[in-house]
DNA sequence: TATCTGACGATAG
DNA sequence: CCTATCGCCAGAT
């Protein structure tokens, strides 16, 4: 595990059921603003060890290619999903 | 060291 | 709303 990957995992583990963050936000919290793409790459290979479903794209879109599974998990935490978009509390 | 790749992001059309 | 581009980062070759 690289320091970056460890930091990303740590950030995701602080999320509570119902919370959602974008790839960019996670990258910034992990100390690497702009590394959103790297976050996605990390989750793609380590989604089994972290709550990846609490991460969406900057526009609120669900993970491309995993929309069905993603929507299922989000709804399980009370997060509203419409036409492939996660609706964050307050909007 | 050079290139390619990908669960990204912002902008323009 | 969708595609095309360009910029960005970390990892793999």
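Counting other beta carbons within 10 Å of each Cβ, put A:77, A:69 in order, fewest first.
Ascending Cβ contact count within 10 Å gives the list A:69, A:77.
Using only the alpha-carbon atoms, how far is helix A:3-14 inclined from the longest principal axis of chain A? Give it as 0 to 90 degrees, nearest 10.
Here the helix axis deviates by roughly 30 degrees.
Test of understanding: in a Gaussian network model of chain A with alpha carbons linked when under 10 Å, which of A:43, A:13, A:62 would top the mean-square fluctuation ranking?
Per the Cα network of chain A with a 10 Å cutoff, A:13 tops the list.
Using the count of nearby Cβ atoms within 10 Å as a rough guide to exposure, how do A:85, A:23 rank from fewest to most?
Ordered from fewest to most neighbouring Cβ atoms within 10 Å, A:85, A:23 come out as A:85, A:23.
For the range A:43-90, what does the alpha-carbon gyration tensor say about shape, rounded, prolate or oblate, given a ≥ b ≥ c as the root eigenvalues, a/c under 1.5 as rounded, and a/b over b/c as prolate?
prolate
How large is the helix-only mean residue ellipticity at 222 nm for chain A, computed as the sum of -39500 (n - 2.57) over DSSP H runs with n ≥ 4, divided by its residue count, in deg cm²/dmol to the nearest 500?
Value at 222 nm, helices only, nearest 500: -12500 deg cm²/dmol.
Give the whole-number value, in cubic angstrom per residue, of the convex hull volume spanned by the C-alpha atoms of chain A.
Hull volume normalised by residue count: 91 Å³.
Bear in mind that the values in this text are calculations on the coordinates, not laboratory data. Everything numeric here is computed off the predicted structure, so don't read it as measured data. Note that we place each Cβ from the backbone using ideal geometry, even for glycine, and neighbour counts take in every protein chain shown.
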